[in-house]
1. Can you sort LEU172, LEU246 from fewest to most other Cβ atoms within 10 Å of each residue's own Cβ?
2. Taking the Cβ of LEU39 as the centre, find all other residues whose Cβ is under 15 Å away and add up their charges (Lys, Arg: +1; Asp, Glu: -1).
3. Normalised by the number of residues in segment 3-94, what is the relative contact order in percent for Cα pairs under 8 Å and 6+ residues apart?
4. Using θ = phi - 60° and the Karplus relation 6.51 cos²θ - 1.76 cosθ + 1.60, list the HN-Hα couplings for segment 57-69 in order, rounded to whole Hz, with x at every Gly or Pro.
5. Debye calculation, C-alpha points only, no solvent: report log10 I(q)/I(0) for segment 86-164 at q = 0.15, 0.17, 0.19 Å⁻¹, in the same order as the q values.
6. Which chymotrypsin sites (Phe, Trp or Tyr not before Pro) from segment 160-236 combine a DSSP loop assignment with at most 11 other Cβ atoms within 10 Å?
7. For segment 183-256, report the % of Cα-Cα distances exceeding 14 Å.
8. Quick one: what are the phi-derived ³J(HN,Hα) couplings along segment 159-171, Karplus 6.51/-1.76/1.60 with θ = phi - 60°, whole Hz, x for glycine and proline?
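Read-outs: derived from the displayed coordinates by stated rules, not from any lab. Quick caveat: nothing in here was measured; it's all calculated off a predicted structure. For neighbour counting, all protein chains shown are included, and Cβ atoms are generated from backbone atoms with ideal geometry for every residue, glycine included.
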Amino acid sequence: MTAAVQDTLAMLVRHQRNFLRQPIWLVFALTQPMFWLLLYSQLFRRIIDLPGFDTDSYVQFLAPGVVVMTAFFGAVWSGMAMIDDLDRGVVPRFLATRAHPGSLVVSQVLHAAIISIVQTVIILGTAWLLGARVERGVAGWLVITVVAALVGAGFAGISHGIALIVRREEPLIAILNFFGLPLTFISATLIAETLMPGWMQWAARFNPVNWGVVAAREMSSLDTDWGRVGLYTGLLLAFVALASALATRAFGVYRKTL
């Protein structure tokens, strides 16, 4: 095992321990998606009567979107942890050791992916109790979990990269708020793709959130388009690689300022 991998695993354990010391954050992170599942799905349950929906249950339609949306929002705000480490001088102290510099960023990306997996299992379990089903069974659960992890990892990389550039909470919050909701609504998270305005359908093609939603939702149907699942999963893998590279580059820029 290389030193870089060992350092990354050590940093990952640190993040997991910090998280487990305050499990209340998982409860807060799941509160909003539970509202979406329990309230939004009931408020708009008749929307499936519109042409374009291939299901007779809005909960079943909504559940994969809520999974991806939760992974997205959790990852987007994960950069606040980097700001906290910068403010408390944690990052400079780690750099003073022999720890591999890249492990500081990669471990954060992996941590976001793991949190996304935990959230996915809980949300899908709750949706199952409400009557939603993953028609592709175990394979479907696995695909949805992988997709959520990729969405979480990709946007965590972007969030931490931005945090390393701005290094303050205020501009980071402003930037994340500017992009957060638009990326959610320019996707098929809440409504069928065919019912979206034409320009939104075009923009959604370049939206990683939509890639995740579409790939996950295919698992809720017996008429799964495996071609789309493979395409969007591949795009998400490329997105994670690019986001991680950008975060690593931002970290290199930060090191030059020390």
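1. Least crowded to most crowded, the residues run LEU246, LEU172.
2. Net charge around LEU39: +2.
3. Rounded, it is 21 percent for segment 3-94.
4. Rounded to whole hertz, the list is 9, 6, 4, 5, 5, 6, 3, x, x, 5, 4, 5, 4.
5. Summing over Cα pairs of segment 86-164 leads to -0.64, -0.73, -0.83.
6. Filter output for segment 160-236: PHE206.
7. Counting every Cα pair in segment 183-256, those more than 14 Å apart make up 66 percent.
8. Here the 3J(HN,Hα) series is 4, 5, x, 5, 4, 6, 7, 7, 6, 9, 5, 4, x Hz.
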